[in-house]
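Notes follow the structure.
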Amino acid sequence: MGSVASQLWEKDPPEVKEGLENLKGWQREDLRIAFERFRALACLTVNISSFMQLLNFEERHKAEAVFNYFKPKKGRIDFLTVMGPMVVMSDQHLISRAAFLFSLYDFNGSGGVNRAELFIAIRTIFRGLSCFCSNVEDQNLEELEQVTLELFLRVDDDKSDVVLIGEFMTFVYRSRSYRFLVAPFPSKDGRVFEEQVHFAWTAPKLVKVAGKVEQSLEKKLKHRIRITPDEPETSCGVRSRRRLKRSRPWKDPNSMNKAHAWMAWKVFFHLAGEEHGKTRLIPKEDLRPAIGPQPGLMSVLHSVLGIQGDDEDPGTNPERPDDVLRILPNFSKLLGDENIRTRLDEICEEGVSFRAFCCLLWPSARESEIEVCVGWCNAFQAQKVLRELIANGEHGELDLDPHDINVLFEVIDANGDGQLSVEELCKIGHIGLTQARTFVDRWDEDNTGSLSKGDVMNIIFSIDAALKYQLKGLFAASQMRRPDEPVKAA
């Protein structure tokens, strides 16, 4: 993306064509509605009537003038060449724009994009920008294919043939080219969304197109980059709206281990404090004085991590990974690095998420390594939530929210059936068999032998029956994939 993106605004800022200004600065929620309407059409292209309805044009002559900018063929245009640039120019935080773009082109909603989907994204975004802006030329198709391959190889370092959204977001945090691409379009909406947007309606035709593009790209490559035995994703069948989990050849990262991740998790939520802990974002100016070279950093870390001394018996805190004491000096160097504040200015505008915090600590770690680190920390958070539910559930003294419950199920619900079984609570939640059975028996209202999200929400709100049902309804609404608050990262 680097050379292509940097050439767009190299000489002059973008000059949006007359009549297209109304397609700039759209809100996230409005973009979502428009794209879901497009998916409902079950067609790759749109005519002038659909174009008017999707983008809320009231006067046909104005809609036709805009429609013709996108070079219609037989009275129809590729709507992705409209939506892609609209997201780039939208009123969203630059990180939120990236997550929305990823979701736009993850046609089957699996949480990962393959090489074909990435190529379609790059092609339609740059082609669309050439239609939007009078001083942008359409890019050479072969050059875009090469950019796609280089970018995909860069992010897909483990050769799994899929880029997960977490890996993509880590890449975006570090990418100067992406920032250069969206820089001419400032936004007022400071909300940070890192997670995927799940759209209503399936898109089998988009999936089918991606399959054909993948086959075409394969023929043009001199060397195949696939290492897994899976068949290429060429199916045109309708996928379930239930989120699919990608299986991949995970391996432990070289840059950090689980003890590093645990310390990063503890330090991040300590710095976030009660005020910002629930938002999972630390204000940039609050984080700045806590990082970088400073006296007494080791003493502060001892206090935050609950370490009594360098010779402390590891058994005094069974929740803490064994290697913490050994690698604490190394972690102190990472947090006190003389360049970490410079990196903070480069990759963060206002709020700092846990993923961004990891990028600050490990600037050279691969995207897949940061993803493993975030996964470990989600596991730590899920186990913490489970312990709090067990310890304080009877008393209703719980400081948890729907995001905590989502993390709990994301980590512990290994088979993805929406239930927490006794076996999963023991194996992944790290609690004893008797404790797990007692916990399930106490709160399993429908006697299934496992706990649903509704059962767990009953624990949280059991202190007040009326409030319980009210908040359960709010929680159910939050699962409709149309959140009013930013989706937190860890």
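The values are calculated or read from the model by the stated rules, or taken from the named source; none is laboratory data. Given the structure is predicted, the values throughout are model-derived calculations rather than measurements. Ideal geometry is used to build each Cβ from the backbone, glycine not excepted, and the neighbour counts take in all protein chains shown. In case anyone asks, the SASA skips ligands and DNA or RNA and just uses the protein heavy atoms, side chains included. Shrake-Rupley method; radii C 1.70, N 1.55, O 1.52, S 1.80 Å.
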Subset of the range 128-181 (residues that are among the charged types (D, E, K, R) and under 28 Å from Glu195 (Cβ atoms)): Glu150, Arg154, Asp156, Asp157, Asp158, Lys159, Asp161, Glu167, Arg174, Arg176, Arg179
Where a residue in the range 436-449 is in a helix (DSSP H, G or I) and its partner, wherever it lies, is not aliphatic (A, V, I, L, M), with Cβ under 6 Å and at least six apart: Ala436/Cys426; Trp443/Asp455
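Among the residues that make up the range 183-202, is at least one of them of a type in the set (Asp, Glu) and modelled with pLDDT under 75? Full working, then the answer.
Keep residues of the range 183-202 that are of a type in the set (Asp, Glu), which gives 189, 194-195.
Add one more test, that the residue is modelled with pLDDT under 75, and what stays is none.
Checked the range 183-202: no residue is of a type in the set (Asp, Glu) and modelled with pLDDT under 75.
Would you check which residues across the range 422-432 are closer than 26 Å to Glu195 by Cα and open to solvent by 20 Å² or more (accessible area, probe 1.4 Å) and list them? Steps first, please.
If we filter the range 422-432 for residues that are closer than 26 Å to Glu195 by Cα, which is where we start, we get 424-425, 428-429.
Ile428 - this is the single residue of the range 422-432 that is closer than 26 Å to Glu195 by Cα and open to solvent by 20 Å² or more (accessible area, probe 1.4 Å).
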Residue within the range 89-98 that is surrounded by fewer than 21 Cβ atoms within 10 Å (Cβ to Cβ), under 25 Å from Met52 (Cα atoms) and either aromatic (Phe, Trp, Tyr) or touching a residue at least 24 places away in the same chain (Cβ under 8 Å) (or both) present: yes
Inter-residue pairs, beta-carbon under 9 Å, first under 22 Å from Gly190 (Cβ atoms) and in the range 334-362, second open to solvent by 10 Å² or more (accessible area, probe 1.4 Å) and assigned to a strand (DSSP E or B), 6+ apart: Glu350/Pro283; Gly351/Pro283; Val352/Pro283
Contacts under 7 angstrom Cβ, first residue in the range 55-73 being under 20 Å from Leu129 (Cβ atoms) and surrounded by 13 or more Cβ atoms within 10 Å (Cβ to Cβ), partner of a type outside the set (A, V, I, L, M, F, W, C) and at pLDDT below 95, 6 or more apart: Ala65/Gly19; Val66/Gly19; Tyr69/Lys17
Positions within the range 123-157 being touching a residue at least 60 places away in the same chain (Cβ under 8 Å) and in a loop (DSSP other than H, G, I, E, B), in sequence order: Ser134, Asn135, Val136, Gln139, Asp156, Asp157
Residue in the range 203-223 that is under 22 Å from Leu44 (Cβ atoms), surrounded by 21 or more Cβ atoms within 10 Å (Cβ to Cβ), modelled with pLDDT of 90 or more and not acidic (Asp, Glu) present: no
Filter result for Val456 (assigned to a helix (DSSP H, G or I), at pLDDT 90 or above and either surrounded by 14 or more Cβ atoms within 10 Å (Cβ to Cβ) or under 27 Å from the mean Cα position of the chain (by Cα) (or both)): no
Filter result for the condition that a residue is open to solvent by less than 10 Å² (accessible area, probe 1.4 Å), farther than 30 Å from Phe439 by Cβ and of a type in the set (Gly, Ala, Ser), over Ser332, Ser364, Ser353: Ser353
